[in-house]
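Structure first, commentary second.
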Amino acid sequence: DLIIFTTYTFDPIFFDAYMLKKLKKHNEDATIIVLMDAKLYSKLDKKKDFTDQTGRAYALIPISGNLFHPKIFMFGSKLKKQTFLGSHNLTLSGLAVNLELCFSSNDTVLFEECIDYVYSLLKKKINPKHPVLKKIEPYVNRRTKNQRLLTNENEAILEQCLRLVSKQLNSIEEVIIFSPFFSETKKLIEKIMTLNPNEIKLCVQKNNHDLDPATVISFDRLSLNEVCKDNRTLHSKFIVFRSPGKDLILIGSPNFTRPALLETNDDGGNFESAILWELNSDDFIKNYLKIEPISPNEVKTSQ
């Protein structure tokens with residue numbers, strides 16, 4: 001009945017020609033809403049990039065202000081709720097080409113938290129009489145608290161994440177960080193060091209990162225690593241906290257940057273979304289991504 005996508009970049013031709021056709025075939029009467037970054041929306045050429053269905057067969061809403069970066073896909077009916085939260089944009093490359101990481105759940109509470117987040121955003125950004133608000137309202141549950149969804153609407157995501165990790169893990173063997181984009185890296189690492197991990201592994205993909213190794217080589221327990229196995233563009237952003245008992249992983253849209261992890265929307269931060277989840281990380285890190293040590297010079301020359 002209700003389908004909502006939040007995305008940074010949006011490809012109307014791919015969406016209209018491929019995804020919309022499938023969505024309409026199976027959900028003929030569904031309300032479909034796409035939220036995207038306003039600055040990128042303004043750069044779309046309505047003659048070249050739009051089709052006759054763009055913004056007509058569905059609501060296309062640009063979100064203004066700071067960079068709008070969350071990637072949450074929500075599918076809701078009276079019988080079932082499904083949420084996909086990850087690093088993927090609503091584009092061909094995001095859904096079929098890049099190396100992305102996504103969390104899928106039919107948990108009703110997570111769905112309600114995501115709906116509440118989107119509804120809160122829209123109430124601030126669009127006309128209160130906009131018809132999409134009435135379509136969303138039946139799914140809004142104002143009693144729902146942020147139990148699973150992490151956003152930086154009111155508090156920085158890294159602060160929330162570290163607090164949750166410290167409650168669930170007594171000791172941390174290693175923290176493994178994957179991101180294509182970096183900024184204020186030293187300050188972010190200092191925050192993570194408050195958990196007192198035995199080791200931090202900072203992972204990049206050659207020729208697909210902007211990490212300056214000089215900002216982190218002073219940390220004794222930090223090593224630089226590269227993703228070796230997959231040659232697709234790594235667009236995933238995630239942080240693994242490993243302990244002897246279990247692993248926790250922060251999955252979502254935040255890159256390892258200050259605007260994504262250390263700031264709120266009101267303080268100049270991006271709009272971001274993430275979830276902290278228990279998951280054995282060996283399957284896709286040790287057995288699939290195959291990270292190996294890399295020298296600071298190799299990191300520098302492969303920026």
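Scan around Leu35 for amide H atoms under 5 Å from its own, H built in the peptide plane at 1.01 Å from N, and keep only partners 5 or more places away or cross-chain.
Those lying under 5 Å, H to H, from Leu35 are Phe5, Thr6, Thr7, Ile61.
Whenever you get a sec, compute what percent of the accessible area on the chain sits on carbon and sulfur atoms (1.4 Å probe). Walk me through the intermediate numbers first.
Values: 6840 of 14490 Å².
On the chain, the fraction of accessible area on carbon and sulfur atoms equals 47 percent.
For Leu222, which sequence-distant residues (separation of 5 or more, or a different chain) have an amide H within less than 5 Å of its own amide H, given hydrogens modelled in the peptide plane?
Ile200
Could you quote the convex hull projected area for segment 226-271, Cα atoms only and averaged over all directions, in nm²?
Values: hull surface 18.9 nm².
Approximately 4.7 nm², given one-decimal rounding.
Step through the table entries Lys47/Lys134; Lys22/Lys237; Lys39/Lys71, compare each Cα-Cα distance with 25 Å, and write down the pairs that go over it. Could the numbers behind the result be given before it?
Values: Lys47/Lys134 31 Å; Lys22/Lys237 28 Å; Lys39/Lys71 16 Å.
Where the Cα-Cα span goes over 25 Å, the pairs concerned are Lys47/Lys134; Lys22/Lys237.
Could you work out how far apart the two model spin labels at Lys80 and Met19 are, taking each label as a point 7 Å from the Cα in the direction of the beta carbon, and quote it in nm?
Reported label-point gap for Lys80 and Met19 is 1.9 nm.
So what are the ³J(HN,Hα) numbers for segment 191-202, from phi and the Karplus equation (6.51, -1.76, 1.60; θ = phi - 60°), rounded to whole Hz, Gly and Pro as x?
Residue by residue, segment 191-202 yields 4, 5, 5, 5, 7, 6, x, 5, 8, 10, 10, 9 Hz.
In Å³ and rounded to a whole number, note down the convex hull volume per residue for the Cα atoms of segment 143-196. Write down the numbers at each step before the final one.
Numbers: hull volume 6.0 nm³, N = 54.
Convex hull volume per residue, Cα atoms: 110 Å³.
Taking the square root of 5 times each eigenvalue of the Cα gyration tensor, what semi-axes in Å does the equivalent ellipsoid of segment 1-73 have, largest first?
Details: eigenvalues 81, 45, 16 Å².
Each semi-axis is √(5λ); the values are 20, 15, 9 Å.
Counting heavy atoms of the protein chains only and a 1.4 Å probe, report the per residue accessible area for the chain as a whole number of Å².
Details: 14490 Å² over 303 residues.
Heavy-atom SASA per residue in the chain reads 48 Å².
Binning at 10 Å from 0, report for the chain what percent of all alpha-carbon pair distances ends up in each bin.
Per 10 Å bin, starting at zero, the Cα-Cα P(r) for the chain comes out as 6, 27, 34, 22, 10, 1 percent.
Heads up, I need the accessible area for Ser281: 1.4 angstrom probe, whole protein in place, Å², nearest 10.
Ser281 has an accessible surface of roughly 0 Å² with all protein chains in place.
Considering only the other residues whose Cβ falls under 9 Å of the Cβ of Asn198, what net charge follows from Lys and Arg at +1 and Asp and Glu at -1? Please report the intermediate quantities before stating the final value.
Numbers: positive: Arg221; negative: Glu173, Glu174, Glu199.
Spelling it out: positives minus negatives among the neighbours equals -2.
Between Ser64 and Arg142, what is 0.36 nm times their sequence separation minus the Cα-Cα distance? Round to one decimal in nm. Walk me through the intermediate numbers first.
Numbers: separation 78, 0.36 × 78 = 28.08 nm, distance 2.41 nm.
25.7 nm is the gain from fully extending Ser64 to Arg142.
When you have a sec, figure out the Kirkwood radius of segment 82-172 from all distinct Cα pair distances and drop it here in Å to one decimal? Display every interim value, and only then the final one.
Working: mean 1/r = 0.0649 Å⁻¹.
Over segment 82-172, the inverse of the mean reciprocal pair distance is 15.4 Å.
Would you tally the net charge around Glu298, using a Cβ to Cβ cut-off of less than 12 Å, leaving Glu298 out, and scoring K and R as +1, D and E as -1? It would help to have the intermediate numbers written out before the result.
Details: positive: Lys206, Lys300; negative: Glu226, Glu292.
Value of the local net charge: 0.
Could you please tell me the mean projected area of the C-alpha convex hull for segment 177-241, averaged over all directions and given in square nanometres to one decimal?
4.4
Between Rg and the Kirkwood Rh of segment 130-264, both from Cα atoms, what is the Rg to Rh ratio?
Details: Rg = 17.0 Å, Rh = 16.4 Å.
Taking Rg over the Kirkwood Rh, I get 1.04.
Please provide three numbers in whole Å: the alpha-carbon extents of segment 1-156 along the principal axes, with the largest listed first.
44, 39, 35
Using a 1.4 Å probe and counting only protein heavy atoms, arrange Leu90, Leu279 so the residue with the most accessible area comes first. Write down the numbers at each step before the final one.
On the way: Leu90 0, Leu279 70 Å².
Ranked list, largest accessible area first: Leu279, Leu90.
Report, by chain and number, residues whose modeled amide H sits under 5 Å from the one on Ile291, excluding near sequence neighbours (fewer than 5 apart, same chain).
Answer set, sorted by chain and number: Cys228.
Quick one: what are the phi-derived ³J(HN,Hα) couplings along segment 290-300, Karplus 6.51/-1.76/1.60 with θ = phi - 60°, whole Hz, x for glycine and proline?
In residue order, the calculated couplings are 6, 6, 9, x, 9, 7, x, 5, 5, 5, 4 Hz.
By how many degrees, between 0 and 90 and to the nearest 10, does the Cα long axis of helix 108-125 differ from the longest principal axis of the chain?
That helix lies at roughly 70 degrees to the long axis.
With a cut-off of 8 Å between alpha carbons and a minimum separation of six or more residues, what is the relative contact order of segment 1-131 in percent?
Numbers: 200 pairs, mean separation 37.3, N = 131.
29 percent.
Please turn the phi angles of segment 53-58 into ³J(HN,Hα) values with the Karplus equation 6.51 cos²θ - 1.76 cosθ + 1.60 (θ = phi - 60°), one per residue in order, whole Hz, x for glycine and proline.
Taking θ as phi minus 60°, the curve returns 9, 4, x, 10, 6, 7 Hz for segment 53-58.
Give me the net charge for the shell around Tyr41: Cβ to Cβ below 13 angstrom, other residues only, Lys and Arg +1, Asp and Glu -1.
0
Along each of its three principal axes, how wide is the spread of alpha-carbon positions in segment 50-89, in whole angstrom units, largest first?
Largest to smallest, the principal-axis extents are 32, 27, 17 Å.
Using alpha carbons only, how many degrees (0 to 90, rounded to 10) separate the axis of helix 157-168 from the longest principal axis of the chain?
Taking Cα atoms only, the helix is inclined about 60 degrees.
If you take the alpha carbon radius of gyration of segment 200-279 and divide it by 2.2 N^0.38 Å, what ratio comes out, to two decimals? Provide the component values of the computation, followed by the final result.
Values: Rg = 14.1 Å, N = 80, 2.2 N^0.38 = 11.6 Å.
Compared with the compact-globule rule of thumb, segment 200-279 sits at 1.21.
The values are calculated or read from the model by the stated rules, or taken from the named source; none is laboratory data. Remember, predicted model here, so these are calculated numbers, not experimental data. Positions of Cβ are backbone-derived with ideal geometry, glycine not excepted, and every protein chain shown enters the neighbour counts. Quick note on the areas: whole protein, heavy atoms, side chains included, nothing else; ligands and nucleic acids left out. Shrake-Rupley method; radii C 1.70, N 1.55, O 1.52, S 1.80 Å.
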